[in-house]
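Each reported figure results from applying straightforward, stated rules to the coordinates on display, with no laboratory input. Values in this document were obtained by computation on a predicted structure and should not be read as measured data. Please note: Cβ atoms are built from the backbone with ideal geometry, for glycine as well, and neighbour counts cover all protein chains shown.
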Amino acid sequence: MKILGLAIFPFLSILALSVSRQPESSERTFAGCLLRRSDPSYPISSAIYFPSNSSYSSVLQSYIRNLRFNESNTPKPQLILTALHESHIQSAIICAKYHGLQMRIRSGGHDFEGSSYVSDVPFFILDMFNLRSINVSIEDETAWVEVGATVGEVYYKIAEKSNIHGFPTGTCPTVGVGGHFSGGGLSLFSERKETSHHN
């Protein structure tokens, strides 16, 4: 089995950001800051969901796998940003820093602990499920994976190109690559040691 080198995108393009300018008047609210800071070629307005939007609840609930965190008294985000372009992510980071708003990030997989969509302080969700393209190159044995893809989707795309290549992600196909790559997990290639228990 040959192992592919894997890179996660778009995280690489946002690490060097800094807040250098003072906000202008249109940035006095968090949403105004998002609108001002995003690339106008990729309108961000269609990616923002406020509690007053009719689709807010369905977008919020779409990746909640633990119903304990979907009750009426569960803290809700001030808004959900379903990023459609890397500039939306960059804007979210800059504006969250300026406005002191906590950012919770979801990356297309499951989160049974609710850490990507629940907080005890004012927060918003940066949801990356739209960013899920996967480009596999067997020639140089690499793959570029956007953060909203799941490990199952990565396995599938690799298998489409080769029956001898793989990548050591996780054993559960519904885990998002953003969570898996940042926190690790048990891999299909991990060594398992059987233990016996005697009474």
So for R0 = 35 Å, FRET eff. of VAL59-ILE164 from the Cβ-Cβ r, to 0.05, ends up at 0.35
Using a basic spin-label model with each label point 7 Å from the Cα along Cα→Cβ, how many nm lie between TYR156 and GLN102?
3.4 nm
What ranking, highest mean first, results for peptides 109-122, 57-70 when packing means the other Cβ atoms within 10 Å averaged over each residue?
109-122, 57-70
If you take the beta carbon distance between ASP39 and GLU141 as r and set R0 to 25 Å, what does 1/(1 + (r/R0)^6) give as a FRET efficiency, to the nearest 0.05?
0.15
Separation between Cα centres of segment 119-188 and segment 78-94, rounded to whole Å:
20 Å
With r as the distance between the Cβ atoms of SER115 and THR171 and R0 = 25 Å, compute the FRET efficiency 1/(1 + (r/R0)^6) and round to 0.05.
0.80
Per the Cα gyration tensor, segment 47-91 corresponds to an equivalent ellipsoid with semi-axes, largest first in Å, of 22, 12, 9
